[in-house]
Amino acid sequence: MDIPKDYSAALSEPKWQKYWEEEGIFRFDAESKAEVYSVDTPPPTVSGKMHIGHAFSFSQQDFVVRYQRMRGKNVFCPFGTDDNGLATERLVEQTKKVRARDMPREEFVKLCLETLENEFRPKYVEDWKRIGMSCDWSIFYTTINEHCQRISQRSFIELYKQGREYRKDAPTMWCPTCQTGVSQVECQDQILDSYFNDIVFKVNGKELVIATTRPELLPACVAVFYHPDDKRYQEYKGKKAEVPLFGLEVPILPDERADPEKGTGIVMCCTFGDQTDMEWQKAHNLPIRVAISGDGKMTSLAGKYQGLSVKSARKMIIEDLKDSKLLISQEPIKHAVNVHERCKAELEIIPSKQWFIKYLDVREDMLKWGEELNWHPRHMKVRYDHWVKGLQWDWLISRQRFFGVPFPVWYCKKCEEVILADEKELPVDPVTSKPKARKCPKCGCTEFVPETDIMDTWATSSLTPQIATELFRDKPIFKKLFPMSLRPQAHDIITFWLFNTVVKSRLHYGKNPWKDVIISGHALDPRGKKMSKSLGNVVEPQEMIKKYSADALRFWAASSKLGEDLPFMEKDLVTGHKFIVKLWNASKLCFMHLEDFDTKKKVALEPVDRWLLSRLSAIIKNSTESFDKYEYSRTKADVENFFWHEFCDYYLEIIKDRLYNADRRGKEARESAQYGLYHGLLSTLKLMAPIMPHITEEIYQIYFAEKEGRKSIHISRWPDLSMNDEKAEKIAEVVLYAVESARRVKSESNLSLKSPVKRMLLEGKISGKEFESVREEIVNSARVEELAYKQLAKDSKKSVECAVEI
């Protein structure tokens, strides 16, 4: 065998990635009768390039996928990209130096599609191939292509017909920067510095002090509330308060939602400052005054403050309150503010006409749906439960943006009746097409107005099980693909992707979309902090792959249990690289002695070889159990320890004499050592193949592929060895202890490990006959000149003792 001296990941990894794709190694077989293992692969948002968090999470997903494939399952593992909506819109605007609102919609949509197809997506997908993802790349989708739009629009129509969707002019969480409504799941709490401002309202000329953090909402004030049990304010019941600076008169009302302990205990209700304002407005049938516009500027209701930004208006109003002696005091505070998760802008609540999916009525059912999933790790279910219990809004699914999946809807120009697209004509863009219906079924009008909003990207991404599996709708195997076997994802999108997918699946099909859920953590910087460009602590996975290898990066990712955040430590990649080098060098040594090995010949095994196979059997059993429970990190740790210490440090050294000196030790003894070498190395490769796919493939192809008749280690059989040999393990314990004792004494004496040992006295619980069966192993591996053995009593506390004389 012509084996290179050194392994080159830079040459090997691209070579095997190309080989796997060209040979269809990971291709899903729609005609196979094997058990299907279907994966709802996360479609990453096209955002320029893969980041370290992607490499971390997707590697962990791939460990599982590769293992299941080696267990003989017909793995359905597609790959998709999430490339509709605001993220893509912003990326195109930045790179092409354009603004969507300054262009005709059709022109901007065309620019987005062309840029995605020709520039962003091809480079982006290459990053995932480069880390060794074992997807079937022929099963590919994008969340903006016609296939996805058809499924998303069909979902909308079906839920509308169920009575689950409605359009309403209602208070909406609004991002003034993105100028669109947002759903509750897109909100983040951000702790900001602010002030409680004690402001003077007047009631019949008497001062009434009300605390607020948002004086800019004074022109939107519609009432003042106090708790009905708060005796301080009973005298104001039924009276009206004058709003400072603006001269409005608003009613003073009792309501149990007012908190006597917060601020001054009496609060102004503005339309709209928060969720409670919305509840008060509805409960008391209060008027709606809109003081902030969709672009975050003050409206005409604000008088002289019209056109100012919210922050500028706040500052100016506070100054005017001070000048008018209507500001009593200011107390600095820190409080949680809702911000848009995409742009971090503070959100407002603005009345606007939006589409919603009604689901607050099934909140209790949602908890049951979550309980029926198999969560790995189990504690991640808590995040799902907390989210469900905290739901306050129906799902807002419309966005006032330009690039995304259009609503398949027109409205009657006269009566605003909703006109749905014909399902046979999907996908449609109502802006550029007309409904099949020629007249309104309600009033007979023949003119229609298209819906110009687009759907929230999660309204489409929540359908990934259908988007992927319906590519095989015309195949008999389609019925075996859903519900899917697995949903892998990171913990930060449990409330986004996981929750919404469960909701859509339950509303459409009455069942959960998958059986198992595996949740990965986050990759952090070396100090345990979140990586961000602003902090300058971002690690580029592409650079780490160049410097070390994809396998070394995956080795690092395998160090973390599911759900755990993992600080990035470059020394872990160094460890992974050292493992690769050791595996390569050990394999070269093995292959040198396996060229004449007959895998079909029955071999009488020596005790040390039986010990290795017994230990290997235990490792395989534990690794299989670990992978079945998605505990890949345990497999990685167990196999790494076995390979370094038992296989390399001891076994290879102990059997060298039998391998090199067959004329003296005997042909049978050498064949036994070859048997141990063959199965020890092959099993190690297979156990590590899901984690380090490239180096294991390289070594497998040199020798084992031909022996096993397989095109790739990744479609070979997972190791299956059942050989529990306690007797051999007890004999080997004596051998290993003797070798270790000799090494320790030589090291302490600053002698070479090749230095001879004059005398060694071993004491152990194995019989004299058993000892004689391994005498030569000890003599040759420890270089002992005089070796004596004494059997210990059965009741001896120690199982083995050794005295060494140099």
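Go through the range 789-804 and count every residue that is surrounded by 12 or more Cβ atoms within 10 Å (Cβ to Cβ) and over 15 Å from I731 (Cα atoms).
3
Does any residue of the range 165-178 turn out to be assigned to a helix (DSSP H, G or I) and touching a Ser or Thr at 6+ places or on another chain (Cβ under 7 Å)?
No, because not a single residue in the range 165-178 is assigned to a helix (DSSP H, G or I) and touching a Ser or Thr at 6+ places or on another chain (Cβ under 7 Å).
Open to solvent by 20 Å² or more (accessible area, probe 1.4 Å), on the phi < 0 side of the Ramachandran plot and not in a strand (DSSP E or B): is that true of W137 in this structure?
Against the criterion (open to solvent by 20 Å² or more (accessible area, probe 1.4 Å), on the phi < 0 side of the Ramachandran plot and not in a strand (DSSP E or B)), W137 qualifies.
If K769 satisfies all but one of (1) open to solvent by 60 Å² or more (accessible area, probe 1.4 Å); (2) at pLDDT below 95, what's the number of the condition it fails?
With respect to (1) open to solvent by 60 Å² or more (accessible area, probe 1.4 Å); (2) at pLDDT below 95, K769 is out only on (2).
Return the residues of the range 458-487 that are among the β-branched types (V, I, T) and either over 19 Å from the mean Cα position of the chain (by Cα) or within 14 Å of V39 (Cα to Cα) (or both); say none if nothing qualifies.
T464, I467, T469, I477
Can you pull out every residue in the range 20-34 that is more than 14 Å from V75 (Cβ to Cβ), in contact (Cβ under 8 Å) with a residue 24 or more places away in the chain and over 26 Å from the mean Cα position of the chain (by Cα)?
E23, E31
In the range 469-484, what residues are under 20 Å from S138 (Cα atoms) and touching a helix residue (DSSP H, G or I) at 6+ places or on another chain (Cβ under 8 Å)?
Of everything in the range 469-484, those that are under 20 Å from S138 (Cα atoms) and touching a helix residue (DSSP H, G or I) at 6+ places or on another chain (Cβ under 8 Å) turn out to be T469, E470, L471, F472, F478, L481, F482, M484.
Could you please give the count of residues in the range 528-542 that are closer than 12 Å to R130 by Cβ and open to solvent by 70 Å² or more (accessible area, probe 1.4 Å)?
Number of matching residues: 0.
Can you tell me which residue within the range 65-91, out of those that are farther than 30 Å from R105 by Cα and among the basic types (K, R), is least open to solvent (accessible area, probe 1.4 Å)?
For the range 65-91, the residue satisfying everything is R66.
Does L736 qualify as being outside any helix (DSSP H, G or I) and either among the aliphatic types (A, V, I, L, M) or farther than 30 Å from N374 by Cβ (or both)?
Taking the combined requirement at face value, the residue does not satisfy it.
Sort out which residues of the range 194-205 are in a strand (DSSP E or B) and open to solvent by 10 Å² or more (accessible area, probe 1.4 Å), and write them in order of number.
Across the range 194-205, the qualifying residues are S194, Y195, F196, D198, K202.
Could you look through the range 35-56, keep only residues that are within 20 Å of K123 (Cβ to Cβ) and of a type in the set (S, T, N, Q), and pick out the one that is surrounded by the most Cβ atoms within 10 Å (Cβ to Cβ)?
The extreme case among them is T41.
What strands (runs of 3 or more DSSP E) completely inside the range 330-442 contain at least 1 residues that are in contact (Cβ under 8 Å) with a residue 40 or more places away in the chain, surrounded by fewer than 21 Cβ atoms within 10 Å (Cβ to Cβ) and of a type outside the set (S, T, Y)?
348-357, 374-376, 418-420
Of everything in the range 295-314 that's buried (at least 17 other Cβ atoms within 10 Å of the Cβ) and of a type in the set (G, A, S), which residue is nearest to P244 (Cα to Cα)?
A302
Please verify whether G265 is open to solvent by less than 60 Å² (accessible area, probe 1.4 Å), at pLDDT below 95, among the small types (G, A, S) and within 15 Å of T213 (Cα to Cα), treating the condition exactly as stated. Walk me through how you get there before you give the answer.
On the way: open to solvent by less than 60 Å² (accessible area, probe 1.4 Å): yes; at pLDDT below 95: yes; among the small types (G, A, S): yes; within 15 Å of T213 (Cα to Cα): yes.
Yes; evaluated as a whole, the condition is true for this residue.
For M484, which of the numbered conditions (1) of a type outside the set (V, I, T); (2) under 30 Å from W556 (Cβ atoms); (3) open to solvent by 10 Å² or more (accessible area, probe 1.4 Å) fails to hold?
Condition not satisfied by M484: (3).
How many residues does the range 206-250 contain that are in a strand (DSSP E or B) and either open to solvent by less than 40 Å² (accessible area, probe 1.4 Å) or in contact (Cβ under 8 Å) with a residue 60 or more places away in the chain (or both)?
13
Among the residues of the range 704-712, is there at least one that is closer than 18 Å to L616 by Cβ, open to solvent by less than 30 Å² (accessible area, probe 1.4 Å) and either within 29 Å of the chain's Cα centre (by Cα) or touching a residue at least 24 places away in the same chain (Cβ under 8 Å) (or both)?
We begin by selecting, within the range 704-712, every residue closer than 18 Å to L616 by Cβ; these are 704, 707-708.
Those still in the list that are open to solvent by less than 30 Å² (accessible area, probe 1.4 Å) too: 704.
Then keep just the ones that are either within 29 Å of the chain's Cα centre (by Cα) or touching a residue at least 24 places away in the same chain (Cβ under 8 Å) (or both); that gives none.
No, every residue in the range 704-712 fails to be closer than 18 Å to L616 by Cβ, open to solvent by less than 30 Å² (accessible area, probe 1.4 Å) and either within 29 Å of the chain's Cα centre (by Cα) or touching a residue at least 24 places away in the same chain (Cβ under 8 Å) (or both).
Could you go through the range 740-757 and let me know if any residue there is touching a residue at least 12 places away in the same chain (Cβ under 8 Å), open to solvent by less than 20 Å² (accessible area, probe 1.4 Å), more than 49 Å from the chain's Cα centre (by Cα) and over 26 Å from N585 (Cβ atoms).
Yes: the range 740-757 contains one or more residues that are touching a residue at least 12 places away in the same chain (Cβ under 8 Å), open to solvent by less than 20 Å² (accessible area, probe 1.4 Å), more than 49 Å from the chain's Cα centre (by Cα) and over 26 Å from N585 (Cβ atoms).
Might you let me know whether the range 249-259 holds any residue that is on the phi > 0 side of the Ramachandran plot and either modelled with pLDDT under 95 or out of contact with any strand residue (DSSP E or B) (no Cβ under 7 Å at 6 or more places or on another chain) (or both)?
No; the residues of the range 249-259 include none that is on the phi > 0 side of the Ramachandran plot and either modelled with pLDDT under 95 or out of contact with any strand residue (DSSP E or B) (no Cβ under 7 Å at 6 or more places or on another chain) (or both).
Residue-by-condition table, conditions (1) assigned to a strand (DSSP E or B); (2) modelled with pLDDT of 90 or more:
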{"site": "D62", "(1), (2)": "no, yes"}
{"site": "V65", "(1), (2)": "no, yes"}
{"site": "T81", "(1), (2)": "yes, yes"}
{"site": "N84", "(1), (2)": "no, no"}
{"site": "R90", "(1), (2)": "no, no"}
{"site": "Q94", "(1), (2)": "no, no"}
{"site": "R101", "(1), (2)": "no, no"}
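Taking helices (runs of 4 or more DSSP H) that fall entirely within the range 496-561, which contain at least 1 residues that are among the small types (G, A, S) and touching a strand residue (DSSP E or B) at 6+ places or on another chain (Cβ under 9 Å)? Break it down stepwise before answering.
Numbers: elements: 499-509, 541-547, 550-557.
Answer list for the range 496-561: 499-509, 550-557.
Does I191 satisfy being farther than 21 Å from A302 by Cα, of a type in the set (V, I, T), part of a strand (DSSP E or B) and open to solvent by 20 Å² or more (accessible area, probe 1.4 Å)?
Against the criterion (farther than 21 Å from A302 by Cα, of a type in the set (V, I, T), part of a strand (DSSP E or B) and open to solvent by 20 Å² or more (accessible area, probe 1.4 Å)), I191 qualifies.
Go through the range 758-788 and give me each residue that's without any contact (Cβ under 8 Å) to a residue 40 or more places away in the chain and part of a loop (DSSP other than H, G, I, E, B).
K765, I766, S767
With respect to R27, determine if the residue is touching a Ser or Thr at 6+ places or on another chain (Cβ under 7 Å) and over 14 Å from K129 (Cα atoms). Spell out the reasoning first.
Numbers: touching a Ser or Thr at 6+ places or on another chain (Cβ under 7 Å): yes; over 14 Å from K129 (Cα atoms): yes.
Here the answer is yes, as R27 does meet what is asked.
Filter the range 637-664 for residues that are over 43 Å from the mean Cα position of the chain (by Cα) and open to solvent by less than 40 Å² (accessible area, probe 1.4 Å) and give the result.
The answer is I654, I655, D657, R658, L659, A662.
Restricting to the range 145-172, give me the number of residues that are open to solvent by 10 Å² or more (accessible area, probe 1.4 Å) and either closer than 16 Å to T457 by Cα or within 27 Å of the chain's Cα centre (by Cα) (or both).
6
Look through the range 715-726, keep the residues that are open to solvent by 60 Å² or more (accessible area, probe 1.4 Å) and either within 30 Å of S134 (Cβ to Cβ) or without any contact (Cβ under 8 Å) to a residue 60 or more places away in the chain (or both), and return whichever of them is farthest from the chain's Cα centre (by Cα).
Only one residue fits best here, namely S722.
The values are calculated or read from the model by the stated rules, or taken from the named source; none is laboratory data. What you are looking at is a predicted structure, and each value in this text was computed from that prediction instead of being measured. Positions of Cβ are backbone-derived with ideal geometry, glycine not excepted, and every protein chain shown enters the neighbour counts. Accessible surface is based on the protein model in full, side chains and every heavy atom, while ligands, DNA and RNA are left aside. Shrake-Rupley method; radii C 1.70, N 1.55, O 1.52, S 1.80 Å.
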